[in-house]
Each structure stands twice: as structure tokens, then as C-alpha cells.
Amino acid sequence: MEQRGNPPLVEMKNVAKAFGGIHALHKVDFQLAPGEVVGLVGDNGAGKSTLIKILSGVYTPDEGSLYINGKEIHFEGPRHAKELGIETVHQDRGLVPGFRVADNLFLGREQTRFGLLRLRKMDSMAQQALAGLGIEIRSFREPVMSMSGGQQQAVAVARAVSANPKVVILDEPTAALAVKEVAKVLDLIGQLKKHGVAVVFVSHVLPEILAVTDRIVVLRRGQKVGDLPTRDADQDLIVKLMIGSEVIGCEI
Ligand SMILES: Nc1ncnc2c1ncn2[C@@H]1O[C@H](COP(=O)(O)OP(=O)(O)OP(=O)(O)O)[C@@H](O)[C@H]1O
Ligand SMILES: [Mg+2]
């Protein structure tokens, strides 16, 4: 939450985005403080991924503005958002299927020496990054397309975290994961928070949201209909906000 004299790390004001006649997002405000974990929930098509794509520089909003540390920013694209410390694991993961784990991890920031790729160095750094997250991958030198959905998701998460970001956005990071892997991602969110990294966590699994977030933002048909501390929420209330007609903690 905003403190006096201390602007939010990230702030969206009055953001709207339409695709043809569909208002994917309609006048949405969104804030994020350092070390804050915000759960973003809503039914299918509510606008979660659209909001995240705006926060990560993939889409330009039709209306509204975006601020980082109080300064208005117009993202020129996803790379610009990354340069400003916003790393995103999109719902479709965004890995290059034919590339190996390390190549995917260091995509766009490859380790080179005398203009040559340092493959061994990248492999060992990748292995360390994954081990640090408690992620085991056997087919390390295989292209990621030969891995399970869950393993690919783990690589995508590791890639985001290894960039040393200020904000990590995870769009349904646990959807394809096995139970053990889900626990690791949830644990990782806690670690990021401890290091002052802000996290936006999208999930349809409400117990996960209730377990790891500080605040929950609810979207319904492109509008923000809920913005409340997690301690004030329970599953029934969140479901009511998602599919009912209630509104809490915001104006529509
Ligand atoms: N690129 C696009 N072109 C056209 N329509 C789009 C596009 N992206 C999103 N939409 C539409 O905007 C609305 C919001 O979609 P969005 O992907 O943001 O929802 P979501 O909350 O992430 O849903 P889900 O839980 O299924 O991932 C939907 O009606 C969707 O069909
Ligand atoms: Mg989505």
C-alpha cells in the first residue's frame, strides 16, 4: 500500500485495453509495493493476462498511465520493462522449444568471451540457478521441448528470478506443475518477498493465493471488483467477488 511520501514501486492508473469490441480491461488501478505479494484472480477471460501484459510491456494500454517509483513510464516493449526490473513468466511460458535449458535461461543475455558463447559456463550457471530453486532437471542438455510442462515452467521461473528483478510476475505458474513442484514455486515466492522483490501471482487455485499473498486483487469482466488484504479474505468471499456482484476495496 502507498505510504506517505513513498510512491508505490509500480502503479497503474485508470488503465483500459480493448480488443475489437471486447473491453479486456476497463479503468483498472493497480499498485505494488516492494516485497509485496499480490494475488491476481478472476474467472477465465476476466483480464488477468491482459493486465500482466501491460505491466510487462507486451501491450500498450489504450488509456491510463503507468508509474514506476512515481515516475510515468511508457514501455517501448518487453525488453524495456525488463531493463526496469520487471520480469514476467507468461501463461504460455515464452521458452524457445528447440533451445536447451541454459540457452533459454540466458536468452538475450548470453555469456560470451571473445565473441564466442560460453556454453559450459552457461550450463553450470543454469544448473546452479535451478539447484538454488530446488529444481531438479535430468534432461539438462536436451531442448526444453523434450521436457514436461512442469519442468518447462520451472525453467521459465528460474529465468525470471536469475535476472535479479525488482518485480516478478507469475501468470499461472503452478497450472502445469506436480504437487511437489507447486510447493517449490510457492516457497520461491516467499524467498523473493524476503529479498524485497514484489510478486504478482496469478492463479485459479484459491488456497495457493490465500497461502502466499499479502493482498488480493479481483477482476471481473475487465473491471477491478476487489482489492483487499489477504487476512480479510477467504475462499467464499473471493468466489463471490469473482462471479457475483459484490465489490470490496475499490470503486467501479
Ligand atoms: N490478443 C487478443 N485478441 C483479442 N482478444 C483478446 C486478446 N487477449 C485477450 N483477449 C480477450 O480479452 C479478455 C481478457 O482476456 P485475458 O487473457 O486477459 O483473460 P484472463 O483473465 O487471463 O483469462 P484466463 O484465466 O483464461 O487466462 C477475453 O475476453 C479475451 O478473449
Ligand atoms: Mg490468463
Discussion item. Quick check on my filter: what residues within the stretch 99-122 are over 23 Å from the mean Cα position of the chain (by Cα) and closer than 22 Å to V58 by Cβ?
Written reply: none
Worksheet item: How many residues does the stretch 27-48 contain that are buried (at least 20 other Cβ atoms within 10 Å of the Cβ) and farther than 23 Å from G70 by Cβ?
Response: 6
Worksheet item: What are the residues in the stretch 46-60 that are at pLDDT below 95 and more than 24 Å from R79 (Cβ to Cβ), if any?
Response: none
Response to the item:
Picked from the stretch 37-64 (must be touching a residue at least 60 places away in the same chain (Cβ under 8 Å) and touching a Ser or Thr at 6+ places or on another chain (Cβ under 9 Å)), the residue farthest from ligand 1 (Cβ to nearest atom) is V37
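Conditions tested, residue by residue: (1) over 30 Å from D232 (Cα atoms); (2) of a type in the set (F, W, Y); (3) within 16 Å of ligand 2 (Cβ to nearest atom).
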| site | (1), (2), (3) |
| --- | --- |
| N44 | no, no, yes |
| Y59 | yes, yes, yes |
| E63 | yes, no, no |
| A81 | yes, no, no |
| I86 | no, no, no |
Worksheet item: Out of R120, R113, R93, R100, which single residue is in contact (Cβ under 8 Å) with a residue 40 or more places away in the chain and at negative phi?
Response: R100
Discussion item. Tell me whether the stretch 106-127 contains one or more residues that are within 16 Å of ligand 2 (Cβ to nearest atom) and over 21 Å from P78 (Cβ atoms).
Written reply: no
Worksheet item: Does V247 qualify as being touching a strand residue (DSSP E or B) at 6+ places or on another chain (Cβ under 6 Å), surrounded by 18 or more Cβ atoms within 10 Å (Cβ to Cβ) and not aromatic (F, W, Y)?
Response: no
Worksheet item: In the set K184, K180, which member is among the charged types (D, E, K, R), modelled with pLDDT under 90, more than 19 Å from the chain's Cα centre (by Cα) and not in a loop (DSSP other than H, G, I, E, B)?
Response: K180
Practice prompt. Would you mind telling me which numbered condition in (1) surrounded by fewer than 18 Cβ atoms within 10 Å (Cβ to Cβ); (2) within 16 Å of ligand 1 (Cβ to nearest atom) R231 fails?
Written response: (2)
Practice prompt. Looking at (1) within 30 Å of N164 (Cβ to Cβ); (2) surrounded by 13 or more Cβ atoms within 10 Å (Cβ to Cβ); (3) out of contact with any helix residue (DSSP H, G or I) (no Cβ under 7 Å at 6 or more places or on another chain); (4) free of Cβ contacts under 8 Å to residues at least 60 places away in the same chain, find the lone condition where K240 falls short.
Written response: (1)
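The values are calculated or read from the model by the stated rules, or taken from the named source; none is laboratory data. It should be emphasised that the depicted structure is a prediction, and the values quoted were computed from it without experimental measurement. Because the Cβ atoms are built from the backbone with ideal geometry, glycine has one as well, and the counts that use them run over all protein chains shown.
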